[in-house]
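In what follows, a single structure is set out as structure tokens and then discussed.
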Amino acid sequence: QKSTENERRRDLPIHYDPKSLSAEAFRTMRTNFEFLSVRKKGKSFLFTSAFVQEGKTFNITNFALSMAQVGKKVLLMETDLRKPVIHRIFGLDRTPGLTDFVMGNYNSKDIVNTITEVMLGDLDIEEILKTPGLDNLHILTAGTIPPNPTEILGSERFRELLAEVYKSYDLILLDSPPLLPVADAAEIAPQVDGVLIVYTVGKIARGVLKRAKTMLDNVHATVLGVILNNVKPETGPDYFKYHTQYYYGSHR
């Protein structure tokens with residue numbers, strides 16, 4: 001089931017409501033990320049969270065589009081093979097996609113969606129022309145839902161796909177399931193240049209966030225920072241000091 005227009009407006013403020021506080025937060029996040037990337041080389045980044053419903057898909061889709069809007073060639077990969085959402089947001093078919101490639105039925109060019117597929121999907125031309133950038137954003141959907149997502153993401157064929165797309169894009173962003181319920185994100189994390197953890201302030205204990213960070217350390221992943229959701233204006237510097245080098249604040 002694809003998203004309705006109202007749902008897309010809610011899910012993509014960077015596109016539909018570029019003057020909103022949410023859109024401005026993503027532009028700030030983009031600036032912070034560009035500063036970070038001067039020090040930390042690389043172009044493949046995984047977005048995950050400690051637990052469910054912390055806003056990781058909301059963050060990664062808007063961040064991907066914000067980077068595309070400044071001319072970066074971006075590949076957004078739907079590597080949440082359990083509850084994929086990205087294809088619905090952009091009005092795309094879920095199949096063929098990542099799983100179909102790994103199972104050997106397709107090549108990479110067959111499964112990457114460009115603005116052409118977006119135009120043929122649920123977004124009409126007026127929606128697409130609201131803001132620039134969609135022509136720079138390519139989307140690789142999840143594909144057929146497999147019985148064994150962790151094995152798919154740990155396969156040699158998945159590594160081959162990452163190596164192949166790495167040559168063609170300025171930025172590769174991977175959306176994954178949360179860390180603590182399933183092992184998928186920990187399987188992908190060592191294969192990318194960096195990991196960003198989305199954390200909704202007040203939703204779960206900070207000890208849970210620390211457990212998620214430890215899991216990533218145990219697989220030798222490079223954790224670049226935490227994206228803070230629902231940060232209240234009165235949040236003081238002590239809160240941010242607790243997160244040390246973890247940066248960013250986006251809002252929903």
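The values are calculated or read from the model by the stated rules, or taken from the named source; none is laboratory data. Since we're looking at a predicted model, the values are computed, not measured. Using ideal geometry, Cβ is built from the backbone for each residue, glycine included, and neighbour counts are taken over all protein chains shown. Side chains included, ligands, DNA and RNA excluded: accessible areas come from the protein's heavy atoms. Shrake-Rupley method; radii C 1.70, N 1.55, O 1.52, S 1.80 Å.
Quick notes on this one:
- Residue in the stretch 173-189 that is open to solvent by 10 Å² or more (accessible area, probe 1.4 Å), assigned to a loop (DSSP other than H, G, I, E, B) and within 11 Å of Ser44 (Cα to Cα) present: no
- Residue match in the stretch 130-144 (condition: buried (at least 17 other Cβ atoms within 10 Å of the Cβ), touching a Gly at 6+ places or on another chain (Cβ under 9 Å), more than 17 Å from Ile111 (Cα to Cα) and not hydroxyl-bearing (Ser, Thr, Tyr)): yes
- Remark: pairs (first residue in the stretch 38-61, open to solvent by 10 Å² or more (accessible area, probe 1.4 Å); second residue aliphatic (A, V, I, L, M) and modelled with pLDDT under 90; Cβ separation under 6 Å; 6+ apart in sequence or on different chains) = Phe51/Ile204.
- Close contacts from the stretch 199-228, counting a first residue that is more than 14 Å from Val52 (Cα to Cα) and aliphatic (A, V, I, L, M) and a second that is assigned to a helix (DSSP H, G or I) and open to solvent by 50 Å² or more (accessible area, probe 1.4 Å), with Cβ to Cβ under 6 Å and a gap of 6+ residues or different chains, come to Val219/Pro190; Ala221/Pro190.
- Any hit, the stretch 160-181, residues being in contact (Cβ under 8 Å) with a residue 12 or more places away in the chain and among the basic types (Lys, Arg): no
- Residue within the stretch 180-189 that is of a type in the set (Gly, Ala, Ser), on the phi > 0 side of the Ramachandran plot, within 20 Å of the chain's Cα centre (by Cα) and at pLDDT below 95 present: no
- Selection of first residues in the stretch 64-79 that are under 12 Å from His138 (Cα atoms) and of second residues that are open to solvent by 50 Å² or more (accessible area, probe 1.4 Å), restricted to Cβ pairs under 7 Å at least 6 apart or on distinct chains, gives the following pairs, ordered by first then second residue: Lys72/Asp170; Lys73/Asp170; Val74/Asp170.
- Test: residue in the stretch 149-169 that is in a loop (DSSP other than H, G, I, E, B), open to solvent by less than 10 Å² (accessible area, probe 1.4 Å) and in contact with a strand residue (DSSP E or B) (Cβ under 6 Å, 6 or more places away or on another chain): no
- Residues located in the stretch 190-223, provided they are open to solvent by 10 Å² or more (accessible area, probe 1.4 Å) and in contact with a Gly (Cβ under 7 Å, 6 or more places away or on another chain): Asp193, Thr200, Thr222
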